[in-house]
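J.: Got a structure for you, questions after.
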Amino acid sequence: MKILVTGGAGFIGSAMVRYLLNQTAHEVINVDKLTYAANLDNLKSVDQSPRYQLVKEEICQEDVMRELFLQQVPDAVIHLAAESHVDRSIDGPRVFLETNILGTYSLLNAARCLCQTHPEKQAAFRFLHVSTDEVYGSLGADGYFTEQTAYAPNSPYSASKASSDLLVRAWHHTFGLPTLISNCSNNYGPYQFPEKLIPVMILNALQGKPLPVYGAGENIRDWLYVEDHVHGLYRILCDGIPGETYNIGGNSEKKNLDLVKDLCGVLDQLLPDSPHCPHEHLITFVKDRPGHDARYAVDASKIQRELNWSPSVSFEEGLLRTVQWYLSHRDWWQAVLDRGHRQDQRLGTATS
């Protein structure tokens, strides 16, 4: 099978590409614009595979995507390309609308054109759109997001992903395109770009910098190890029912403050001679993000029941693996910082 992965040089995308090339016999076409969050170093272990091809293109270019689909004739699409950082979406929403909504529209039309040109392929073709639990809004102290939860996005990022989800749904019901949607909880693990919570905290701690916790640190997220996520995506792609949505969660709810304290404990354990021990002393509370959702928690019983998937990596094990990876891959994250990424630059304050 030939699988076209969009955003395959990003954090989740590269994990997906590595999984497909290491664990399956599929061909992989990686379509990536190579924006700031993309990193070809993420794919060094697999980029020489004869089954791998990189196509540097912008998914919003509808004519280019249609031509690419007709030329390559993929059997499936895993759509991961997206602008995904909430703080950036507050400062500059437009690129989120362009990439996440118009980019998805462009890919859907390219897939539809492919199925019209090769009608014999439509029954087996799959278009898997990878989305987020943030489309559901914010939970109170109780309850979980299910596939029937009404959408109530509260940030420009989540609104753009909700919009793209609805386009995917419409292309299935109106045009018969065999689409699937997944909504996942917060991912973490190796190769995550250092603007997200866990890598920010790791790298700041290693440098003795403050560990900035928004508000009082009471916001709760459900954490999903990235390798578990891509296993779930592959299961959906292979066995999911077209037109269906599947939530993927890690069953690991954590308050942000508790997560940072856990991370500090791991660093203390692994780096007992660090001058910054105990690392918890570096925690600093900063102004909260505007519209910061209180709690996310995912009910993943549908994918477990119907597709026999459940997370295999506990949060404690996943956090340890993640910290160990960043400690042993300084060259990877130092190269990101050397390219100009500033961890001390606060985004998403809505003051400009």
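The values are calculated or read from the model by the stated rules, or taken from the named source; none is laboratory data. What you see is a predicted model; the values in this text were computed from it and never measured. Quick reminder, even Gly has a Cβ in these numbers, built from the backbone with ideal geometry, and neighbours come from all protein chains shown.
J.: Is there any pair with a first residue in the stretch 212-241 that is under 18 Å from Arg289 (Cβ atoms) and without any contact (Cβ under 8 Å) to a residue 12 or more places away in the chain and a second that is of a type outside the set (Asp, Glu) and in a helix (DSSP H, G or I) whose Cβ atoms are under 6 Å apart and which are 6 or more apart or on different chains, and what are they?
T.: Close Cβ pairs satisfying both conditions: none exist.
J.: Moving on. Out of all the residues in the stretch 116-147, which are more than 17 Å from the chain's Cα centre (by Cα) and among the aliphatic types (A, V, I, L, M)?
T.: Scanning the stretch 116-147 gives Ala123, Ala124, Leu139, Ala141.
J.: Tally time: how many residues in the stretch 22-42 are closer than 22 Å to His329 by Cα and not charged (D, E, K, R)?
T.: 9
J.: Further question on the same structure: Considering Leu319, Leu327, Leu259, Leu337, which residue is at pLDDT below 95 and part of a helix (DSSP H, G or I)? Even if it seems obvious, please write down each step before you answer.
T.: Values: Leu319 fails: at pLDDT below 95; Leu327 fails: at pLDDT below 95; Leu259 fails: at pLDDT below 95.
Exactly one of Leu319, Leu327, Leu259, Leu337 is at pLDDT below 95 and part of a helix (DSSP H, G or I), namely Leu337.
J.: If we scan the stretch 287-307, do we find a residue that is more than 24 Å from Lys161 (Cβ to Cβ) and of a type outside the set (D, E, K, R)?
T.: Just the residues of the stretch 287-307 that are more than 24 Å from Lys161 (Cβ to Cβ), to begin with: 287, 305.
Adding the requirement that they be of a type outside the set (D, E, K, R) leaves none.
No; the residues of the stretch 287-307 include none that is more than 24 Å from Lys161 (Cβ to Cβ) and of a type outside the set (D, E, K, R).
J.: Starting from the stretch 305-326, take each residue that is over 17 Å from Gly232 (Cβ atoms) and list its partners that are part of a loop (DSSP other than H, G, I, E, B) and not aliphatic (A, V, I, L, M), counting only C-beta distances under 6 angstrom and pairs at least six apart or across chains.
T.: Hits for this filter: Thr322/Gly189; Trp325/Pro190.
J.: Let me ask something else about it. Quick check on the stretch 314-334: of everything there that is touching a strand residue (DSSP E or B) at 6+ places or on another chain (Cβ under 9 Å) and surrounded by fewer than 19 Cβ atoms within 10 Å (Cβ to Cβ), which residue is nearest to Gln148 (Cα to Cα)?
T.: Restricting to residues being touching a strand residue (DSSP E or B) at 6+ places or on another chain (Cβ under 9 Å) and surrounded by fewer than 19 Cβ atoms within 10 Å (Cβ to Cβ), the top hit is Ser314.
J.: Please pick out the residue among Ser164, Ser185 that is under 26 Å from Thr322 (Cβ atoms) and either small (Gly, Ala, Ser) or modelled with pLDDT of 95 or more (or both).
T.: Ser185
J.: Continuing with this model, one more query. Is it the case, given these coordinates, that Asp239 is at pLDDT 95 or above and touching a strand residue (DSSP E or B) at 6+ places or on another chain (Cβ under 9 Å)?
T.: On the way: at pLDDT 95 or above: yes; touching a strand residue (DSSP E or B) at 6+ places or on another chain (Cβ under 9 Å): no.
Judged against the criteria, Asp239 is not a match.
J.: With respect to the numbered conditions (1) out of contact with any strand residue (DSSP E or B) (no Cβ under 9 Å at 6 or more places or on another chain); (2) farther than 20 Å from Val168 by Cα; (3) buried (at least 19 other Cβ atoms within 10 Å of the Cβ), which one is the sole condition not fulfilled by Leu21?
T.: Of the numbered conditions (1) out of contact with any strand residue (DSSP E or B) (no Cβ under 9 Å at 6 or more places or on another chain); (2) farther than 20 Å from Val168 by Cα; (3) buried (at least 19 other Cβ atoms within 10 Å of the Cβ), the odd one out for Leu21 is (1).
J.: I've got another one for you. What do you reckon, is Gln192 modelled with pLDDT of 95 or more, within 15 Å of the chain's Cα centre (by Cα) and within 25 Å of Trp309 (Cβ to Cβ)?
T.: It is true that Gln192 is modelled with pLDDT of 95 or more, within 15 Å of the chain's Cα centre (by Cα) and within 25 Å of Trp309 (Cβ to Cβ).
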